[in-house]
Every structure is written in structure tokens, then in C-alpha cells.
1. Pull up the stretch 213-256, narrow it to residues that are assigned to a loop (DSSP other than H, G, I, E, B) and aliphatic (A, V, I, L, M), then point me to the one that is farthest from residue 270 (Cα to Cα).
2. Select from the stretch 224-250 the residues that are of a type in the set (Val, Ile, Thr) and over 13 Å from residue 146 (Cβ atoms) and list them in ascending order.
3. Looking at 87, 93, which one is exposed (fewer than 13 other Cβ atoms within 10 Å of the Cβ), more than 15 Å from residue 208 (Cα to Cα) and either in contact with a strand residue (DSSP E or B) (Cβ under 9 Å, 6 or more places away or on another chain) or not acidic (Asp, Glu) (or both)?
4. Filter the stretch 97-117 down to residues that are under 18 Å from residue 131 (Cβ atoms) and of a type outside the set (A, V, I, L, M) and give me whichever is most open to solvent (accessible area, probe 1.4 Å).
5. Out of 217, 154, which single residue is among the small types (Gly, Ala, Ser) and either touching a residue at least 40 places away in the same chain (Cβ under 8 Å) or surrounded by 19 or more Cβ atoms within 10 Å (Cβ to Cβ) (or both)?
6. Would you mention how many residues in the stretch 118-136 are open to solvent by less than 30 Å² (accessible area, probe 1.4 Å) and either aliphatic (A, V, I, L, M) or not in a helix (DSSP H, G or I) (or both)?
7. Kindly check whether there is at least one residue in the stretch 163-176 that is open to solvent by 30 Å² or more (accessible area, probe 1.4 Å), touching a strand residue (DSSP E or B) at 6+ places or on another chain (Cβ under 9 Å) and in a loop (DSSP other than H, G, I, E, B).
8. Being open to solvent by 30 Å² or more (accessible area, probe 1.4 Å), among the small types (Gly, Ala, Ser) and at pLDDT 95 or above is the filter; apply it to the stretch 238-261 and report the residue that is nearest to residue 279 (Cα to Cα).
Amino acid sequence: MMNAAAHFAVRHAAPAAATGTLLALSLSPAAAEAKVEVAKTDVQAVKKSIADLIEDDMERRGDGTSLTGTFVRLAWHCAGTYSKVDGCGGSNGARMRFSPEASWGANAGLDLPRKLLESVKEKHPEISYADLYTLAGVVAVEEAGGPKIPFRLGRTDAESGDSSPKECGLPDADKGSFKNTTQHVRDVFYRMGFTDREIVALLGAHALGRCHTDRSGYWGPWTFAENTFSNEYFRLLIEERWSPKMSHNGQPWTGPDQYEDSTGKLMMLPSDMVLVQDPAFRKVVELYAKDENAFFGDFASAFSKLLELGVDYPSVKAWYKFW
């Protein structure tokens, strides 16, 4: 006797020859081509090429800095233009290669990592620029000792910047006051669909890298271990005494308002400081300062979500929904 489950399976099994055909017909030519390229891409091989690039570049520098923070910033800025209101922006398209995004002040200096990644693109021409730029951020986090980031291919490349947002929607470091900066941070992240907890988690990426006066105008690293992904950023926010930066290398500081620790070697942006000044944000900062595992788990989820903003992954319907 055939049990009920087996009977249902036989009655409703998809015709073998028809299933693949119907799935293929459900994809546009562009989507079908992208699917083929994705299938050809060896993600682990691409990740190794990116990791090798980071390591080789760090050895050439020899000054303790690396591409980790820069690659995270590249991935972040590729995706951080997204608006859930109209679906505009996001990581799909790699539109940062074109105007207007290439000329936005928020993207100053990101032409450098894009040029460096050309060597990876030459080795793996099947990967799209959009996938490559976002994957570089994933590799940077993981190579720096951070959590494994869920990542899937499937982003496609735009041929121009015509579909870019009309205005830069990336967050500013300072809006002139605590109240305005706090509201600005929330406005930008809420527009993308993030919660307060996800906002704090994502800003924890400041554990990596540093600011440069010739790019953002700000100066210095957030931690003493700028190539290590950890919860140190949050610990320093809570435990250090931060004061307005008044001088630099013995001269009056003429850059934008920022904060420095007691040594004068570390910095925080006004947008970092709102995380300890706002009660709701501070509660999450205190949690992450004590519990790195909680931070790692939340960051991996939020960063993966960020990198998929604006990507229209084709949904695979059950075969019986085609009739």
C-alpha cells in the first residue's frame, strides 16, 4: 500500500522534461545570462585572490595599515545608497564606477581600491563588478578575524550611472549638533530598512581602518588594532574619555570637528559619539562592549542584509505554481 505522503508525491510530481524548461522561460535573457555567469564563478577562488591582494598590499606598505577598512568602505558605499521607499540604489549595478556616484564626496578615494581589484577581475572575469566589490568587503571582515558573512552571488553590472540616485544618500559624519546628527543617522539607516540595533552593529565596522585628511578630511584610526575586527570600537566608546580634537602634530587642528582619546592617537566622529549619547543606541553599545559574540552575530546578519539591498534575486517558484 502507498502511504498518503507517497501518493501525494506521485500525483503532484513535476514532469521531468517540463520543469527545467519552465524555469528557464521564467527568466529574462539578462537574468539567464547572469545566472550562467554565477554558476561559473568559483567563489572560494575569488575570495582567495582578494585575500592575497590584501596580504601583498599590506607587505608592500610595511606601515601597519592595510586594505581591510578600505574594502569594507567600498562594499558599504556600493550598497548604502538604497531606499526602501522607491527601491532606488543599492549594490546592484556597481554604479560607483560612473558619474554621479564616482564624483560624490562621500566616495572620495574609492577609485583606488576599485583599481586594485582590477587584477582580481582579470583572473575571474566571470564575476560581476557588483559582486566583486561587495565580496571584497566580506573577505576583508573575515580575513581580519571577524565573523563569516553570509554571501550569495547574483548582482549584475549597470552600463552607466543613469539609474543612480539623484542625490548621495550615504551618511554624513556630522550634522552640526548631537540632535541633528542622531536624527540624520537614523534617517539614513531607517531609509534602508535597518533597526537601531542593526545601526549600531554596522557602525562597529569602524573597528577596521582609519580616516584620511585627503579623503574625508578627518584623521586617524578608531582603534589601536585597525586590521583586526573585534568589539574594541565599542569598548573604547564606553571606557575612553573623548574630547574635541584641538591640535595635530603640534599645530592647531584645522579639520572638521572630531574627537580624540587621551593619547591623541585615536579618533571618533560625531556620528560615532551619538552611539553613546543616545540612550537607545548606548544600550546596544554596552551589550557589544561586553559580548563580542553578540556583536559578531548581529554584524554578520546586518552586513549581509546591507550587501543585498537593491538586488533583485530571481525567485524560484515551486513547479506547480506555473499551472
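The values are calculated or read from the model by the stated rules, or taken from the named source; none is laboratory data. Just so it is clear, the model here is predicted, and its values are computed rather than measured. Positions of Cβ are generated from backbone atoms using ideal geometry, with glycine treated the same way; all protein chains shown enter the neighbour counts. For accessibility, only protein heavy atoms count, side chains too; no ligands or nucleic acids. Shrake-Rupley method; radii C 1.70, N 1.55, O 1.52, S 1.80 Å.
1. 225
2. Applying the first criterion (of a type in the set (Val, Ile, Thr)) to the stretch 224-250 yields 228, 238.
Scanning the stretch 224-250 gives a single hit, 238.
3. That would be 87, the only listed residue that is exposed (fewer than 13 other Cβ atoms within 10 Å of the Cβ), more than 15 Å from residue 208 (Cα to Cα) and either in contact with a strand residue (DSSP E or B) (Cβ under 9 Å, 6 or more places away or on another chain) or not acidic (Asp, Glu) (or both).
4. Initial filter on the stretch 97-117 (under 18 Å from residue 131 (Cβ atoms)): 97-98, 101, 110, 113-117.
Filter once more, keeping what is of a type outside the set (A, V, I, L, M): 97-98, 101, 113-115.
On the way: 97: 65, 98: 55, 101: 5, 113: 1, 114: 33, 115: 134 Å².
Among residues in the stretch 97-117 that are under 18 Å from residue 131 (Cβ atoms) and of a type outside the set (A, V, I, L, M), the one most open to solvent (accessible area, probe 1.4 Å) is 115.
5. Just one listed residue meets the conditions, 154.
6. 8
7. Within the stretch 163-176 (the criterion being open to solvent by 30 Å² or more (accessible area, probe 1.4 Å), touching a strand residue (DSSP E or B) at 6+ places or on another chain (Cβ under 9 Å) and in a loop (DSSP other than H, G, I, E, B)), the answer is yes, since at least one residue qualifies.
8. Filtering first and then ranking leaves 243.
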